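Here the structure comes first, spelled out in structure tokens, and everything after it is commentary.
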Amino acid sequence: MNIWYTNSPFGTLCLEEEGNALVGVHFLTEGVPELEPLPRKVCQTPLLAEAEEQLGEYFAGVRREFDLPLAPRGTAFQQAVWEQLLAIPYGETRSYGQLAAALGRPGASRAVGGACHRNPIGILIPCHRVVGADGSLTGYAGGLEIKEALLALEEEFSH
């Protein structure tokens, strides 16, 4: 696995590539960690460079969709939820209940929330676009402040 760290307006991001696909994008909460020996190595591959460039464009408000190979690891249910997240348009939100209903499992709002929390490819698989039934901001692995900032960024550039 290759990893690369990049700065964003909201903190340091860790990008992870394996098998020519992104398998992880997440915010670091405590700075860049000490690296373990193999199989993780800091190495900016062409894919990680492209991911860094596309994320920069997203943060600058000039990119609304990503064009990168993604390979998130998860259960069949999690994969289905993440596919639903990819269908949420830039600048819009959906509730956990709406996602559960779209999956044909209207009683699975809590399970949808769990799948969102386990999303290994933040921002690109936009779990930040999922809100509570009343529109309130609820959990985000990067923290609610970052979730609010990502939604505000998309709101600003969606007009």
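What to note about this one:
- Residue pairs meeting the criteria (Cβ under 8 Å; at least 6 apart or on separate chains; first under 25 Å from Gly97 (Cβ atoms), in segment 64-86; second in a loop (DSSP other than H, G, I, E, B) and open to solvent by 60 Å² or more (accessible area, probe 1.4 Å)): Gly74/Arg118; Gln78/Arg118
- All told, Cys116 falls short of being out of contact with any strand residue (DSSP E or B) (no Cβ under 6 Å at 6 or more places or on another chain), surrounded by 18 or more Cβ atoms within 10 Å (Cβ to Cβ) and closer than 30 Å to Met1 by Cβ.
- Members of segment 116-138 found to be over 13 Å from the mean Cα position of the chain (by Cα) and either part of a loop (DSSP other than H, G, I, E, B) or under 18 Å from Phe10 (Cα atoms) (or both), listed by number: Gly132, Ala133, Asp134, Gly135, Ser136, Leu137, Thr138
- Flag for Ala141 being assigned to a helix (DSSP H, G or I), within 21 Å of Leu13 (Cα to Cα) and of a type outside the set (S, T, N, Q): no
The values are calculated or read from the model by the stated rules, or taken from the named source; none is laboratory data. These numbers were taken from a predicted model, which means no experiment stands behind them. Cβ sites come from the backbone with ideal geometry, for glycine too, and all protein chains shown count toward neighbours. Remember, those area values only see protein heavy atoms, side chains included, never the ligands or the DNA or RNA. Shrake-Rupley method; radii C 1.70, N 1.55, O 1.52, S 1.80 Å.
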